[in-house]
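Right, one structure below, let's go through it.
The values are calculated or read from the model by the stated rules, or taken from the named source; none is laboratory data. Quick caveat, the model's predicted, so the values are computed rather than measured. Here the Cβ is made from the backbone with ideal geometry for all residues, glycine too, and neighbour counts use every protein chain on show.
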């Protein structure tokens, strides 16, 4: 992997044809070290957020050596780059072959469930193994997340007691509870509220949990989203844990993804064409900008141009990706100098989580170069950069518009 002091140095040295993932390993190591030193329990990295091998290595340097995996390829990735790591198969719905391979080939013993059918499947495949560690995922009500994750997974609070009791009777090892408050959670109190719901389910089942897994949802910094300090999240979890009906040896787990890796990568793209306030880039919704398109997040953007920097005022732009699909559209608005033009490069920040992980090969695009850079991320929860990123001002000259075709009259409403 080549190393540059900054994205500008890369552009000055050469004009990359492909999009470039600009990685900052030190940012990932710092985040891992913060969680490993401050969270009062075991930290499992959610591999889905960014499965890059360099991420696995940096997390270990920072003290995170446990991994939340959701598939056999993720298990193989962790085993290849962290041979001694502990893995937990936390996807609540797994194929029989995946369960068998995880248990027999890779020594995985921790499995998440959210139904009695999945519990029966695991017991059948493993021959009723007595060393299983079963984590019951609960559906909880926890408002305050940018991405709500309720609906697909999690046993309802009404059905939870029966499943908790069945899991307790099915293993001689660990039985625990888990939940997910939603991605990019902006309210620390959501964790405490979810833990109270988990505690009530355990009381109704008449069982004690060996593990309380508070899942993920820990936030990062994006334009218009300045989360509370991470210390406030851990304090809320500590309060929730102290109020739960658990025994003295109950373990506390978490599964951060975004908070560990968001600051670790940005994306360097090239402007292929400008149409008014619409910029056509060489990466987009089918590449690393999935969230910018489908969640409509206005990620921070910076003009990268060799020579004299632009002194033009900033305004809002929208992006289109390189594919021929009209859904390949990132509405933003993204703050850039108003003189941006074809051939300029744009760095889009805070894409370490769910950026490269979402890349496809649609239309033949998606080929991505990776280089290391030594400058700071555009925002940071750990003191590397400001915790607040400006948004586009609402003045008229910052409103994103597409040019109208000639001869087309505007209708009055």
Completion exercise
residue 140 passes all but one of the listed conditions (1) in contact with a helix residue (DSSP H, G or I) (Cβ under 9 Å, 6 or more places away or on another chain); (2) in a helix (DSSP H, G or I); the exception is number (2)
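For the stretch 242-285, give me each residue that is part of a strand (DSSP E or B) and either free of Cβ contacts under 8 Å to residues at least 24 places away in the same chain or crowded, with 24+ Cβ neighbours inside 10 Å (or both).
Of everything in the stretch 242-285, those that are part of a strand (DSSP E or B) and either free of Cβ contacts under 8 Å to residues at least 24 places away in the same chain or crowded, with 24+ Cβ neighbours inside 10 Å (or both) turn out to be 254, 265, 266, 267, 268, 269, 279.
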Practice task
Take the stretch 147-182 and flag every residue that is modelled with pLDDT under 90, within 15 Å of residue 256 (Cα to Cα) and in contact with a strand residue (DSSP E or B) (Cβ under 6 Å, 6 or more places away or on another chain).
Solution key: 147, 182
Problem - The lone exception for residue 238 - which of (1) assigned by TED's automatic domain parsing to the domain that holds residue 282; (2) under 29 Å from residue 108 (Cα atoms) it fails - result: (1)
Practice task
Would you mind stating whether residue 299 is under 30 Å from residue 89 (Cα atoms), surrounded by 19 or more Cβ atoms within 10 Å (Cβ to Cβ) and touching a helix residue (DSSP H, G or I) at 6+ places or on another chain (Cβ under 6 Å)?
Solution key: no
